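Structure first, commentary second.
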Amino acid sequence: MTTAADHLTRPWESRYEIRDTTVLAEAKELRVLDMTLMPRQSVPWHRHPMNDDLFIGLRGEFRILHGEAGEEITVHAGERFNVPRGVAHSVVNGSTCDCQFLVIQGVGEYDYLPVDRGGK
């Protein structure tokens, strides 16, 4: 059953669409997600005031845009990148193949807060 708060805790169900999100583990202050994006799919700009997002590449490559200046890093399979709590970020698959990655969210209570980047 979906609750009113799910758009803040499970945004892939109502706020954006990607190929697949599987919750591998979940507790109040820690969650592990296995996510797959098709080419040109993205997770919109957002931030988490109480927890980090640690990304670990599994297959393909993806870009993480982060910070006020929209800095960009490309993550390949076997690489990782941490977005500290409170830092606005977006995840983009700019390649021609699917990409798959793990996201470890925590330690800290999870919350998804959309960020308006003014067309960026």
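The values are calculated or read from the model by the stated rules, or taken from the named source; none is laboratory data. Computed from a predicted structure; not experimentally measured. Note that each Cβ is placed from the backbone with ideal geometry, even for glycine, and that neighbours are counted across all protein chains shown. Surface areas here come from the heavy atoms of the whole protein model, side chains and all, with no ligands, DNA or RNA. Shrake-Rupley method; radii C 1.70, N 1.55, O 1.52, S 1.80 Å.
Figures for the structure shown
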quantity	calculated
For Q41, residues with placed amide H under 5 Å, excluding near neighbours	N93
Share of carbon and sulfur in the accessible heavy-atom surface of the range 64-120 [1.4 Å probe, %]	49
In Hz, Karplus ³J(HN,Hα) per residue of the range 99-107 (6.51, -1.76, 1.60; θ = phi - 60°; x = Gly, Pro)	10, 9, 8, 9, 10, 9, 10, x, 7
Long-range HN-HN contacts of N51 with modeled amide H, under 5 Å	G86
Karplus-derived 3J(HN,Hα), 6.51/-1.76/1.60, for each residue of the range 66-73, Hz, glycine and proline x	8, x, 4, 8, x, 4, 10, 9
Cα gyration tensor of the range 68-120 - equivalent ellipsoid semi-axes, whole Å, descending	20, 17, 11
Dipole magnitude (debye, nearest 20) for the chain, charges at Cβ of Lys, Arg, Asp, Glu	160
Relative contact order of the chain, pairs being alpha-carbon contacts under 8 Å that are 6 or more residues apart, as %	34
Options [x] 14.0, 38; [y] 13.3, 39; [z] 12.7, 38 - which one matches Rg and Dmax of the Cα atoms in Å as calculated here	[y]
